[in-house]
């Protein structure tokens, strides 16, 4: 992995890359992994050599999510390397027509901004029934009926079915997007900051609904978010990602009770505590690294308060911590476990 | 909606009054005596006087204008000073050619530019796209009349494949229609491509792709309708420019249409014929503008609901969608 | 008070400067636009220097029947016309006339357009109604037809031609400027200037126009192209520049009658016209991209 990264960084043409490891949700029987993303590298080439819209975390995970959906625009994005294993198949290697059957049907996605995610000139019902019709190969009338059912599920009155997106509020639009995503009862739902663009009052409503639907539809969900409140509300397992790398992962309980990586600790420090009267919240010093020029060692090292010399030079291995599946990638914990190397392998496969 | 259309149609009336008044005043106040031009240089003063009396040119300007307008309302546009035919019959005999030329080239333009614009946007930066971009730039920059001359030179003079004038037969119509459509095609292709590219990068296209739709469905069902919005203004403007272009094209190919009629009437200061021609053109342009606005409402539900609200109220908002679209 | 407005002024000037520096930097990267600018400057230079190269009476007007319709040769690179005048010389002088007329027309239209558009947008009310209705009326007549009408009725001469072309440009200019001013007028800094007690004139000249004009530059470039096209069209129809004065449209009109005998007569003036228009279109495109980087691609 390290070699590969250096190689791409040293290549002459301008590029940025996202390397991310991501493992998600178990299948219904819980025996094997539904999705496994390994060493995924996506490059973005632009005319001027500048990569636009780089926004740290959001960028990296949104990119990964889009890569899973096979939606990276080419150009400017190119798959460089890595695998996305879904149900034992490498999604990078399947043909576009096979992919069409997976998108929307097996894996679907909820986008960040509901204001722009819906086609403004198409009645919402058509936008929902379209995906049903497309995947279930049923008549337009049946698809419409199913779409109306979906509207009821997301608690939008069916009599508003033929209205256009601009006639709905942001929260309602996001619920319509959720209805589109869940219309074909997918195995995996990727939610990319689904509540960021919404009002706080609406956020709770939408999250509540997502959690409920996830359980009812028996769907696995990957939630990409900046908000620990959302994590606490919806997730079972948590991975903390920084500059495209998973720094810490574990069950929700492990991460919340026992954050180990300095970055995770910093993130929790930034959450106001209701029981204490603090003047200033904790702030992680410095800025996100430039994705075109990632630090050689631990990506968080330049901003880390407990960084040592080794942190700047060498990438840390994965160390297993007490607790169920709790792993961290930090020099602070290297050697605390004799099986660090083995854990590394295990962690990667998960 | 019905009320809106009615309101817009009523707005045509002051515009027509303004146009006729403007043209009438220009005709009357510029040098050149229509009587002399009609009767020839060797006409006697009595003959000229008789001509003036016969055609009401001896009366004061307001009286002349009001008499003309009074008759025009009943559909009587007067008789030509030169040919002595009624203007209505003169226009009737010629408008067929002009409309045929304009509408075939408009249809041609819309079809060709849609297909080219969309395919170019989909295959952005490919060899096809780049070649066509160069071609459209060159063709945009070629003035219509020069293109016409060059096509005559090539196809009629050198290759002898097509005749160099007229509009009657299919072979005769080819060069005029291509020349008339050419500037429209290049303009529309360029804007369709730009508008398509803008739309393709929108979030809702990503949503559509995430649904697992085939890319053809996405382009023709989702993207095209959105891309058409800015195109409507361009199409509206193109109809006007086609009408413009047909004046030049008619004069080059010797086609007997409104354009040639106007050119001849202007040279001889044939006031009724000029007024008739201008009124017809202004009507066409105004109706096209109205259709453009309605087409917006047809394609864009946001504007449709805006109209519903606006017609409910007494006064329309200052930034009507039409103006917003034109300045955009 | 004085100080604060002065500071305001210098700041807006600084900002304007940086905007145009930015635009220039972006424009410079656009190879095609740079080539177009160079080509256009060359055309401009050659045309304006025409009197230094050719003598108007001897080279442009004086017929020489012995060289009648001579095809391109060493002495006359682009050949000669129906009465033996050198086509290259006439193209260069014709370009000079076209360019001078189009720039004058554009200048007139620009000034009148700014006045009308700003007044309509700034004062609103009946001033706006009258101006906009008149513009509606003028725009509801096909522009070529309108210009043909005007050009036929007044005596064909170069000042009259300038007037006619300017007249055709004014409505669009005024409308676009009104749109831009309307966009700017609601901004906070206009209210701020008003609160400071600035006069209407000062607000318009110092605050509104500098902010409203930059997007208009692109349309202005395209308007030059439109003016050039109109001048040639009118001349082609025999309503603009008259023989023996050279103009590209006039030359094409006479060339058209000898299409069978002398192809070069109607080819080269058209090529000159096309190159000029193409350079202007490409400059306009490049400027638009440079002014609005979001639209790039």
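Averaging over every viewing direction, what projected area does the convex hull of the Cα atoms of the protein assembly as shown cover, in nm²? Let's see the in-between values first.
Details: hull surface 205.5 nm².
Spelled out: convex hull of the Cα atoms, projected over all directions, averaged, 51.4 nm².
Just want the ordering: A:210, B:187, from fewest to most Cβ atoms lying within 10 Å of their own Cβ.
The order, fewest Cβ neighbours first, is B:187, A:210.
The C-alpha atoms of chain B define a longest principal axis, and helix B:271-299 lies at about 20 degrees to it. Counting only alpha carbon atoms, the long axis of helix B:127-141 and the longest principal axis of chain B meet at about 20°.
Centroid-to-centroid, using Cα positions, the range B:244-295 and the range C:154-227 are 30 Å apart.
Could you list A:96, A:208 in order of exposure, starting from the residue whose Cβ has the fewest other Cβ atoms within 10 Å? Going from sparsest to densest Cβ surroundings: A:96, A:208.
Please compute, for peptide C:85-95, the average count of beta-carbon atoms on other protein chains lying within 10 Å of each residue's beta-carbon.
Numbers: counts 0, 0, 0, 0, 0, 0, 0, 0, 0, 0, 0.
That works out to 0 on average.
Assuming a ≥ b ≥ c are the square roots of the Cα gyration tensor eigenvalues, decide whether chain B counts as rounded (a/c under 1.5), prolate (otherwise, with a/b larger than b/c) or oblate. Write out the running numbers ahead of the final one.
Working: a/c = 3.28, a/b = 1.52, b/c = 2.16.
Oblate, because a/c is 1.5 or more while a/b does not exceed b/c.
Would you calculate a helix-derived [θ] at 222 nm for the protein assembly as shown, using -39,500 (n - 2.57) for each DSSP H run of n ≥ 4 and dividing by the full residue count, to the nearest 500? All intermediate terms of the calculation are to be shown ahead of the outcome.
Working: 39 runs with 584 residues, N = 975.
Result for the protein assembly as shown, helices only: -19500 deg cm²/dmol.
By the beta-carbon count within 10 Å of each Cβ, the least crowded to most crowded order of C:55, C:86, fewest first, is C:55, C:86. Nearest 10 degrees, 0 to 90: what angle lies between the long axis of helix C:125-139 and the longest principal axis of chain C (Cα atoms)? Approximately 20 degrees, to the nearest ten. Taking all C-alpha pairs of chain C, those more than 32 Å from each other amount to 39 percent. Highest mobility in the GNM of chain B, judged by mean-square fluctuation with C-alpha springs under 10 Å and restricted to B:72, B:273, B:240, is found for B:72.
For the protein assembly as shown, what proportion of DSSP beta bridges, expressed in % and rounded to the nearest 5, is antiparallel? Each step should come with its number before you reach the end.
Details: 32 of 42 bridges.
Expressed as a percentage, antiparallel bridges in the protein assembly as shown total about 75.
No value in this document is a laboratory result; all are computed from the given coordinates. What you are looking at is a predicted structure, and each value in this text was computed from that prediction instead of being measured. Cβ sites come from the backbone with ideal geometry, for glycine too, and all protein chains shown count toward neighbours.
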